[in-house]
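Asker: Below are the structure tokens for one structure; questions will follow.
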Amino acid sequence: MHEKTAKKEQNKNICLRNYQRKATLDIREIFLKKIRSCLLVLPTGGGKTVIFCSIVRDALKKGKKVLVLVHRRELCAQSAASLRSFGLDPGIIAPNFPETQKDIQLAQVQTLVRRLHRLAAWQPDLIIVDEAHHAKAASWQKILTAFPKSRILGVTATPCRTDGQGLGDVFEALVEGPKISDLIADGYLSPPEIYAPPLPVDLDQIKRKGKEYDRAQMQQMFARTTITGDVIAHYQRLCPNVPAICFCVSVAHAKFMADQFNQAGIKAACLEGTMSDDDRSQAIADLGAGRLSILTSCDLISEGTDIPIVGAAILLRKTASLALFLQMVGRALRLFPGKEKAVILDHVGNCLQHGFPDEDRFWTLEAGCVPRPAVDVGKAPITCSQCFRQIRHPVPDCCPSCGASLRQQKDRMAQLHYQQATLKRLDEEEKRRLQAERLAKRRAQGLADSLEALIEIGKARGYKNPTFWARKVFQNRKCIKYR
């Protein structure tokens with residue numbers, strides 16, 4: 001068959017889902033209104049790449065030039081394969097690829113930043129920004145600034161940042177696709193089954209660097225033999241032989257965990273940055289083909305990596321980032337023949353902090369967005385005391401995994417709900433009393449002139465970690481003083 005005919009036949013086989021067609025039309029309408037930049041939000045596994053490939057194909061038919069930006073070589077390879085499935089032949093701007101004169105260019109951000117001077121005469125009409133929550137980074141901004149006349153389409157599953165900054169200064173409009181719960185209900189994603197085994201460490205004691213938890217301290221906590229034994233035992237009991245990705249604190253932790261799995265007779269490999277492209281691709285292929293049961297990693301497979309056979313995510317990395325949490329669990333949600341569910345082994349309590357993966361979240365481009373609503377205490381999830389599965393409202397009488405009775409926990413949650421629902425009206429006298437109490441607290445805290453005095457106040461107030469609280473208050477005073 002002639003090459004052009006083959007491409008046309010290939011294109012006929014690609015059929016967008018209804019919500020993907022709607023997203024494409026919504027994006028087109030935004031650009032027709034002369035709005036320059038737009039952000040598409042769609043959960044992991046929802047087909048963001050399919051949507052932007054369809055948009056690229058339509059733009060090229062109209063004689064437009066398109067630039068697609070990705071930030072990792074794995075994403076570059078996946079996007080190239082997707083574009084080719086639409087009958088497109090992109091030029092690749094990445095290490096070890098020759099430069100080509102094509103109307104569609106797929107570029108790794110780090111490489112393109114160094115070669116921007118070579119593209120001065122090539123002005124794209126449309127720029128696609130994959131994993132667009134990174135778009136505020138300096139390298140990405142340098143590229144977008146270099147093409148001031150280009151329209152910009154960002155795509156991401158998680159339009160939020162750990163630093164709390166919004167994306168409104170990069171994108172002017174937001175298009176939201178269906179939520180994870182919708183995709184599960186329609187049969188496009190696997191339903192999550194979440195387990196949260198207890199840990200013999202106090203996670204509240206982990207310090208933070210900026211907005212994220214300190215990796216060095218997490219590594220010391222989560223590499224202990226007792227925790228490692230729990231990880232392997234839970235995997236063998238709850239999802240034996242299920243292909244899984246284990247998300248670790250650091251590269252050293254990932255190597256350690258791979259060794260522990262192998263010693264237990266579970267075939268595992270560590271994926272890390274110093275490996276060659278071929279070795280990394282082979283490890284991913286081995287997991288997909290069943291030659292490996294576990295891939296351990298620190299940061300390399302939390303975004304974009306598409307391995308649909310993965311049926312479990314093992315979380316050994318505590319994160320304050322909702323985006324990272326959703327990216328990690330999203331690796332296990334994709335559909336695959338024979339896969340009925342996605343098992344999430346949350347050993348560090350990320351689900352307790354960020355909620356279930358399929359909770360409805362309402363995104364915005366503004367800074368400080370609140371992506372999840374408050375949960376009614378009476379409808380909060382409970383944990384099975386036998387198998388540690390997280391079970392949400394409405395809670396059945398018995399655990400659906402192990403059959404243990406949940407009636408006692410249900411009664412306790414019902415009592416909490418009743419107490420929370422019993423509200424007391426505040427009259428003016430009660431308001432004045434509460435205001436006086438708050439003022440007295442602030443005055444006592446302000447008069448404490450040493451770290452030791454603040455620690456005593458923390459103890460008197462019954463804080464769980466008065467020393468940690470006192471140090472934070474003391475450090476903030478120094479910051480305010482020297483600003």
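The values are calculated or read from the model by the stated rules, or taken from the named source; none is laboratory data. All of these numbers come straight from a predicted model, not from anything done at the bench. Counting neighbours? That spans all protein chains shown, and the Cβs are built from the backbone with ideal geometry, glycine included. These area figures cover heavy atoms from the full protein model, side chains too; ligands, DNA and RNA do not enter into them. Shrake-Rupley method; radii C 1.70, N 1.55, O 1.52, S 1.80 Å.
Asker: What does the extension gain come out to for Glu452 and Phe474, with contour length at 0.36 nm per residue minus their alpha carbon separation?
Answerer: 6.9 nm
Asker: Grab the Cα-Cα distance for Asp286 and Cys402, subtract it from 0.36 nm times how many residues apart they are, and report the gain in nm with one decimal.
Answerer: So the chain would gain 38.6 nm between Asp286 and Cys402.
Asker: Given a 1.4 angstrom probe, I'd like the percentage of the accessible area of segment 309-352 that is carbon and sulfur, rounded to a whole number.
Answerer: Here carbon and sulfur together make up 59 percent of the probe-accessible area.
Asker: What are the GluC sites (Glu not before Pro) within segment 27-99 that DSSP puts in a loop, where the Cβ has at most 11 other Cβ atoms within 10 Å?
Answerer: Hits after loop and neighbour filter: nothing returned.
Asker: Students often check this: by mean Cβ neighbours within 10 Å, which of 129-135, 35-41, 289-295 ranks highest, and how do the rest follow?
Answerer: 129-135, 35-41, 289-295
Asker: Moving on to the next point. Once both labels are modelled 7 Å past Cα along the beta-carbon direction, what's the Lys61-Glu366 spacing in nm?
Answerer: 3.9
Asker: What accessible area, in Å² to the nearest ten, does a 1.4 Å probe give for Val170?
Answerer: 20
Asker: Sticking with this structure for a sec: Suppose R0 equals 60 Å. What FRET efficiency, 1/(1 + (r/R0)^6) with r the Cβ-Cβ distance, do Leu335 and Thr467 give to the nearest 0.05?
Answerer: Efficiency at R0 = 60 Å is approximately 0.80.
Asker: Sticking with the crude label model, points 7 Å out along Cα→Cβ, report the distance from Ser85 to Gln110 in nm, one decimal please.
Answerer: The answer from the label model is 2.6 nm.
Asker: With N residues in segment 59-110, what two-decimal value do you get for its Cα radius of gyration over 2.2 N^0.38 Å?
Answerer: Ratio of Rg to 2.2 N^0.38 Å for segment 59-110: 1.07.
Asker: With θ set to phi - 60° and the Karplus curve 6.51 cos²θ - 1.76 cosθ + 1.60, what are the ³J(HN,Hα) couplings of segment 87-101 in order, to the nearest whole Hz, using x for Gly and Pro?
Answerer: x, 9, 10, x, x, 10, 9, 7, x, 6, 10, x, 6, 10, 9
Asker: Determine the alpha carbon to alpha carbon distance for each of Lys267/Lys341; Lys136/Lys339; Lys255/Lys318 and list only those over 28 Å.
Answerer: Lys136/Lys339
Asker: Another question, if that's okay. Which value in nm describes the separation of the simple spin-label points at Asn18 and Arg237, placed 7 Å from the Cα toward the beta carbon?
Answerer: Reported label-point gap for Asn18 and Arg237 is 4.3 nm.
Asker: From the square roots a ≥ b ≥ c of the eigenvalues of the alpha-carbon gyration tensor of segment 260-351, which class results: rounded (a/c under 1.5), prolate (a/b over b/c), or oblate?
Answerer: Rounded.
Asker: Right, another one. Among 116-128, 180-192, how do they line up from the highest to the lowest mean number of other beta-carbon atoms within 10 Å?
Answerer: Per-residue mean Cβ counts within 10 Å order the peptides as 180-192, 116-128.
Asker: Additional query: Could you give the accessible area per residue of segment 436-477, probe 1.4 Å, as a whole number in Å²?
Answerer: About 71 Å² of surface per residue is accessible.
Asker: For Glu99 and Asp169, calculate 0.36 nm times their separation in residues minus their Cα-Cα distance, and state this gained length in nm to one decimal.
Answerer: Roughly 22.0 nm would be gained on extension.
Asker: Rg and Dmax of segment 1-154, using alpha carbons, in Å: what are they?
Answerer: 15.0, 46
Asker: What part of the accessible area of segment 107-166, given as a whole %, is carbon or sulfur when the probe is 1.4 angstrom?
Answerer: Heavy-atom surface of segment 107-166 belonging to carbon and sulfur, 1.4 Å probe: 53 percent.
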